[in-house]
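One structure below.
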Amino acid sequence: MSTVHLLDYVAGNVRSLVNAINKVGYDVEWVRTPEDLKNAEKLILPGVGHFGHCLSRLSEGGYLDPIKQHIDCGKPFMGICVGLQALFEGSEEDPDVPGLGLVQMKMQKFNDSTKSVPHIGWNSAMKTTLGSSGDKSFCGLNPGSKYYYVHSYAALYKPAVLEKDGWSVATATYGEEEFIGAIARGNIFATQFHPEKSGQAGLRTIRAFLDGNYAQSLGPDISISLEKKDGLTRRIIACLDVRTNDSGDLVVTKGDQYDVREKDDTNSEGRVRNLGKPVDMAKKYYEQGADEVTFLNITSFRNCPLVDTPMLEILRRVSETVFVPLTIGGGIKQTVDPDGTSISALDVATMYFKSGADKVSIGSDAVIAAEQYYKAGEKLSGKTAIETISRAYGNQAVVVSVDPKRVYVNSPEDTKHYTIKTQYPNTEGQSYCWYQCTIKGGREARDLDVRQLAKAVEAMGAGELLLNCIDKDGSNSGFDLELLHDVKAAIKIPVIASSGAGSPGHFAEVFEHTTTDAALGAGMFHRGEYTISDVKDYLSNKGFLVRKFEADT
Ligand code: 1PR
C-alpha cells in the first residue's frame, strides 16, 4: 500500500481523515518530528481551530521551515482547513502570527451582520480562475458537488492577486461573500473545506491528490456558465438517541417529550423503545444523504471506566464508513471514573474526538456554566467545558444542546424572564410564555431562560446551538417556530432546529419561516415513515438548495 505522511501536530482529532485516506487505498505514516518530513513524499497538513494557535505550535515545534522545504522542492503537499490558511500571509484572527506567506493575502472574518458565523455546512468549490498550472491542479473537484466547510475566517476572493501569482482557485459563496474553497499551484493543493467529511465528493478529491491525478473530473469553467450565489445548502441532520435497553444492549430509542418507554396498560414502567442498532442506522442515514449524524447518549453508561464506554466503539466503527460530520453528546463534562479518577471535560471530549467524533455536544453542563457566568456578572471563568474544549479544538467542535420547555404566564410582568406572546395559548388561556432550560434530560428545570443560555454559551465559545424543545419532542407536529425566532434573534452562531419533525413539509416550513441554519429529525426517520432523501427531494422541489448523496464512483 502506498503511504502518505500526515502532520497532526496540533489537535489530534484526525481519525476521520485517516479513515478517509485508508478508504481510498493509502496508508498513513505519522510525522512525529521535523526530521520525519525529510522522508515524506506526499504530505498532508490538516488543521482545526485557531489560526494563531496552530501556526505558533507548528513554529515552536520547528515544522515550518521543513514544510516550506518540502513544498519548494516540488513534492506534493495538501493543506486542509487551517492547513490551507497556513499558506497565507496571516489572519485577522491573530494578526501577530505570520503564516507561510506563499499566498499574498490574509484571512478575514466573515461579515456576521447578515448571516450566522461560523459558516458551517455544505457549500461549493467551483473552479474560477486558471493559474499557470491550468486545469491540472484541481484534484477531482466537481462544480456540481458540495463540500463540508466549518470556519469563521476565510480568504475573500481577489482574482488579481491570485492570477498574478499563478494560483488556480475554486470558490464558494456564503451570503454576499465569495471566498476561496480550494487553491492550487504546481505541487500544492489545499482546501478550506474538509474533504474527509465531504462524502464521496471529498473522498474523490483525496484520492485524486494522492494518485497525482490532478486533472481528474474537471467540470466546465463555471465563472462563465453559472451565476455566483450563496451556495450553502440546507443542512439535514439525523439524530440517534442511544441508551442501553432493559437487556443491556445499546439501542437507538426515541421518546415523546423525552419519555422513551413504551406505554402499556398496566401501571408498570414499559420497556425502552428499541428502534435499531446505532452503527447500522448511522450508515443507512449517510447513504440516504444525511448531512450530519448526531448521537446523543441519553443515559449514563458510567458504571464502567470512561475508556470502555460503548459510545467510543460506536464512533470508531461509524467513522470507518460514514464520511460526514459526527457529533456526540451526553456526559461531556468533568467526570469521575468508578475507581475515583477524575477526568476533565477536555479529556472526555478528547477521547471522543480520537474515536472519530468531529463535534461534542454539551447539555446539562452548559446550563450550569451559564448560571455561573451570570452569577459572576457575565464574566468568563476560562475553565468551563465549553471554553476549554473550544480553545483546544476550535469553536466549531463545540455544540450546545439545550432542552427547553414552555412556561406559560398571564403577562410578561409575571416573570423576570424574556417572554414571547404565543399564537398557541395553553388550556388555561395564558398567551405569554418563556422557555425554561432544563438539565438531566428534562428532569430538572432551572431558573434560566433559553435566551440567557444562548448568549452565555456564545460568549464562552460554543460554535453551534442544537435547539431541542421538550413540548414538541416526538409530537410529529412540526418545529417550534416561535422558539427558533426567539433564539435566532439573540445570537450569531448557527442554530439547529430540533424536535417535532413529522414530515418533509415541516422541514420546508422551518426553512421558510425562520432563519434556522439546519434542521434535525429523529422519530420520523427511525420509524421509516420518511427517508432523508424524501426530505431533500421535497425541499429541492420547493426551491431550496440541498446536497444529494453521491454514490461511490
Ligand atoms: O446533559 O450533556 O449529558 O446531554 C444529554 C443529551 O441527551 C442532551 O443533548 C439531551 O438533549 C439528550 N437527552 C437526554 N434525555 C433525553 C430523552 O429523550 N429522554 N434526548 C434526551 C433528547 C432530543 C432530540 C430528539 C429531537 C428530535 N432527544 O435529540 O432527537 O427532539 O426528535 P423528533 O424528531 O422525533 O421529534 P448531557
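The values are calculated or read from the model by the stated rules, or taken from the named source; none is laboratory data. Everything numeric in this text was worked out from a predicted model, so none of it was measured. Here Cβ is always computed from backbone atoms with ideal geometry, including for glycine, and neighbour counts include all displayed protein chains. Note: accessible area is taken over every heavy atom of the protein model, side chains too, but ligands, DNA and RNA are not part of it. Shrake-Rupley method; radii C 1.70, N 1.55, O 1.52, S 1.80 Å.
In summary, the lysines within cross-link reach of residue 263, defined as a Cα separation below 16 angstrom excluding same-chain residues under 8 places away, comprise 254. Accessible area per residue for the chain is 39 Å², calculated with a 1.4 Å probe on protein heavy atoms, without ligands, DNA or RNA. Between residue 418 and residue 69, the contour length at 0.36 nm per residue exceeds the alpha carbon distance by 119.9 nm. Each label point was placed 7 Å from the Cα along the Cα-to-Cβ direction; for residue 200 and residue 32 their separation is 3.9 nm. Residue-wise HN-Hα couplings along the range 334-350, as the Karplus relation 6.51 cos²θ - 1.76 cosθ + 1.60 with θ = phi - 60° gives them from phi, are 4, 9, 10, 6, x, 8, x, 5, 8, 10, 6, 4, 4, 5, 4, 4, 4 Hz; Gly and Pro carry x. Counting only aspartates and glutamates at least 8 places from residue 416 when in the same chain, those with an alpha carbon closer than 13 Å to its own are 447, 449.
With 20 Å as the limit, the listed pairs 405/440; 405/455; 106/383; 197/359 have 106/383 beyond it between alpha carbons. Helical content alone sets the calculated 222 nm signal of the chain at -7500 deg cm²/dmol, taking -39,500 (n - 2.57) per DSSP H segment of four or more residues and averaging over every residue. Of all aspartates and glutamates in the structure, those lying under 15 Å Cα to Cα from residue 75, and not within fewer than 8 positions of it along the same chain, are 36, 41, 65, 211. Estimated at 0.36 nm per residue, the fully extended path between residue 308 and residue 378 surpasses their Cα-Cα distance by 21.5 nm. Mind giving me the FRET efficiency for residue 337 and residue 229? R0 is 56 Å, r the Cβ-Cβ distance, nearest 0.05 is fine. Approximately 0.60, to the nearest 0.05.
Extension gain for residue 527 to residue 428 (0.36 nm times residue separation, less C-alpha to C-alpha distance): 32.3 nm.
Each peptide in 230-243, 306-319, 413-426 was scored by the mean count of other Cβ atoms within 10 Å over its residues; highest first, the order is 230-243, 306-319, 413-426.
Would you mind putting 449-455, 375-381, 470-476 in packing order, based on average other-beta-carbon counts within 10 Å, highest first?
Output ranking for 449-455, 375-381, 470-476: 449-455, 470-476, 375-381.
For the range 235-541, rounded, prolate or oblate, judged on the Cα gyration tensor with a ≥ b ≥ c (square roots of eigenvalues), a/c < 1.5 rounded, else prolate if a/b > b/c? In terms of gyration-tensor shape, rounded.
Distance cut-off 27 Å, Cα to Cα: go down the list 229/488; 23/158; 354/536; 115/536; 42/127; 23/283 and report the pairs above it. Table pairs above 27 Å Cα-Cα are 23/158; 354/536. Calculate the spin-label point distance for residue 259 paired with residue 247, positioning each point 7 Å from the Cα along the beta-carbon direction, and give it in nanometres. Reported label-point gap for residue 247 and residue 259 is 2.5 nm.
Each Lys or Arg adds one and each Asp or Glu subtracts one; over the other residues with Cβ under 11 Å from the Cβ of residue 211, this totals +3.
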